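The values are calculated or read from the model by the stated rules, or taken from the named source; none is laboratory data. Just so we're clear, the structure is a prediction, and the values are computed from it rather than from any experiment. Cβ: placed from backbone, ideal geometry, glycine included. Neighbour counts: every protein chain shown.
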Amino acid sequence: MTGVAAVLALSPSLGRLSPAATAEAAPAELVAAIRDSGTVPHTGVVNASGTLAVPDADTFTSLGETFGEANRIRVFWRDEERWRLDRIRATGETDLYRTALGTTRWVYESRRVRVTLNAPVRLPDTSDVLPDTLARRVLQGARPEELAALPTRRIAGVDAAGLRLTPATPQSSIDRVDIWADPGSGLPLRVEVYAGSAQPAVSTAYERVELQAPRESALRFDPPDDADVTFDDLPDLASESHRFAPYAAPAELAGLTLRRDRPDLPPGAVGVYGRGPTVLLFLPLRGNAARPLREELGGAGSDGGSAVDLGAISALVTPERYRGSGFLLVGTLTPRALEQAAAEVADLEPVDR
């Protein structure tokens with residue numbers, strides 16, 4: 001794949017690489033190409049939108065911004081360890097710069113810069129709503145019987161090969177995921193996620209794209225003299241909990257197996273379960289985070305434990321534990337499956353970490 005990516009990077013656009021005669025691809029071949037597409041350098045513009053009814057709580061801020069709003073994103077992608085994304089909205093611009101060591105977040109209007117180390121577990125950010133990133137993630141663990149070819153579709157000047165993933169996991173809230181990718185490089189160009197509606201719950205697509213490596217200057221960020229710069233070891237609440245919460249994520253929840261994307265690292269407190277588009281997040285919360293989120297999900301005075309349907313995802317915070325703490329369970333599961341997971345962790349005991 002490295003050699004293919006190098007050849008493609010010499011061409012000014014996908015449209016010149018992808019004649020309609022090569023657009024039809026067998027599902028297995030297309031999936032393999034998509035899984036390798038993180039090494040394909042490119043630049044472009046993505047339009048993404050989501051309909052998730054995410055609560056107005058600090059814990060869900062990044063999830064709501066990523067999958068509950070319209071986003072226009074400028075993409076400068078060298079590989080999965082080096083990229084820049086400019087998220088542009090009517091209220092302003094926020095840029096993310098990624099390196100192998102960390103991520104820099106630059107908010108233009110407030111002149112704020114936040115530098116964090118990369119963590120094995122984090123909440124969603126702008127990169128997760130790109131067609132290529134999202135497609136690679138939902139295809140993790142996909143089985144041949146869940147895949148089918150779709151007719152080609154013209155996207156960003158490309159006759160893109162189509163693929164449909166229909167999850168066979170009964171706990172899933174996702175009906176199907178439709179993906180279109182450049183057949184020459186495997187780069188996904190459009191992804192639509194459907195969950196109980198004729199309209200996609202999440203839709204993300206390249207408006208334009210060029211298979212060229214971005215300029216080095218576009219990937220480098222030098223804070224302005226008037227910027228307020230902060231440095232943090234951990235990017236968010238999930239990464240903090242994963243490292244410090246006194247729990248070990250169970251090996252299985254609601255019939256879904258704990259993912260070990262990094263088997264070289266010891267398991268932590270936060271668990272991600274399932275395969276493909278069917279994902280469950282288990283996140284221990286301190287009382288000061290659990291209480292307001294519990295009320296947001298269940299209303300004032302709620303003691304938690306009931307799942308709330310937010311669209312393509314469901315969420316709940318378990319009833320109060322020590323000093324108001326609890327477990328956040330959120331994912332692309334049915335409310336019933338999420339409540340089953342909550343029952344399974346009701347008696348989970350702290351561990352010595």
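Would you say LEU280 is in the same structural domain as PHE244 (by TED's automatic domain parsing), within 16 Å of GLN171 (Cβ to Cβ) and out of contact with any Lys or Arg (no Cβ under 7 Å at 6 or more places or on another chain)?
yes
Where residues in the range 159-188 are charged (D, E, K, R) and either free of Cβ contacts under 8 Å to residues at least 24 places away in the same chain or part of a loop (DSSP other than H, G, I, E, B) (or both), which of them is farthest from ARG78 (Cα to Cα)?
So, considering only residues that are charged (D, E, K, R) and either free of Cβ contacts under 8 Å to residues at least 24 places away in the same chain or part of a loop (DSSP other than H, G, I, E, B) (or both), the one farthest from ARG78 (Cα to Cα) is ASP175.
So, SER306, is that one farther than 18 Å from GLY268 by Cβ and either surrounded by fewer than 17 Cβ atoms within 10 Å (Cβ to Cβ) or among the acidic types (Asp, Glu) (or both) or not?
yes
Give the residues of the range 305-329 that are small (Gly, Ala, Ser) and either at pLDDT 90 or above or assigned to a loop (DSSP other than H, G, I, E, B) (or both), sorted by residue number.
Across the range 305-329, the qualifying residues are GLY305, SER306, ALA307, GLY311, ALA312, SER314, ALA315, SER325, GLY326.
Output the number of residues of the range 193-208 satisfying the condition of being in a strand (DSSP E or B), small (Gly, Ala, Ser) and free of Cβ contacts under 8 Å to residues at least 40 places away in the same chain.
Qualifying residue count, the range 193-208: 0.
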